[in-house]
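Beneath this line is the structure, given in structure tokens, with notes to follow.
Please treat every number below as a calculation from the coordinates, not as lab data. Only a predicted model underlies this, so the values are computations on that prediction, with no experimental measurement involved. Positions of Cβ are generated from backbone atoms using ideal geometry, with glycine treated the same way; all protein chains shown enter the neighbour counts.
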Amino acid sequence: MHLTWTQDDVRIRLGQVVGDPKTPNPGKDFRGANEERAAITLPWRRAKALRNQLTTIIDNYEKANGPINLDIKLPAGD
């Protein structure tokens, strides 16, 4: 995910991790590549409404399932 903004709006670029053709099979040598799949541009009012909705749904999820761990370390790529 990559965020940029202007005075008028917020742009969210979304990517997907896909296999690198050089390492197509899972395993210790697998390397992923981030490929942009979509982008969303929102006016600031809609961005704030989205933030509020995400806060509510995340709070509800964590009440039911426990805290979401953000400290996961991914393997470093070359």
key: Built amide H within the under 5 Å cut-off of Thr23, gap 5+   = Arg31
request  = Could you pull out every residue, at least 5 positions away or on a different chain, whose amide H is within less than 5 Å of the one on Trp5? Hs are placed 1.01 Å off N in the peptide plane, and Pro or chain starts have none.
outcome  = Arg11
request  = At most 10 other Cβ atoms within 10 Å and a DSSP loop assignment: could you name the trypsin sites (Lys or Arg not before Pro) in the chain that fit?
outcome  = Lys22, Lys28, Lys73
ask   = Looking only at region 1-43, which residues have a backbone nitrogen under 20 Å from a spot 7 Å from the Cα of Asn52 in the C-beta direction?
value = 8-11, 41-43
note = Karplus ³J(HN,Hα) for region 40-54 (6.51 cos²θ - 1.76 cosθ + 1.60, θ = phi - 60°; Hz, whole; x = Gly/Pro) runs 10, 10, 10, x, 4, 4, 5, 4, 5, 5, 4, 4, 5, 5, 5
query = Considering the values [x] 0.92; [y] 1.08; [z] 1.38, which represents Rg/Rh (Cα atoms, Kirkwood Rh) as calculated for the structure under consideration?
reply = [y]
query = If you stretched the chain out fully between Trp44 and Trp5, how much longer would it get, using 0.36 nm times the residue separation minus the C-alpha to C-alpha distance?
reply = 13.1 nm
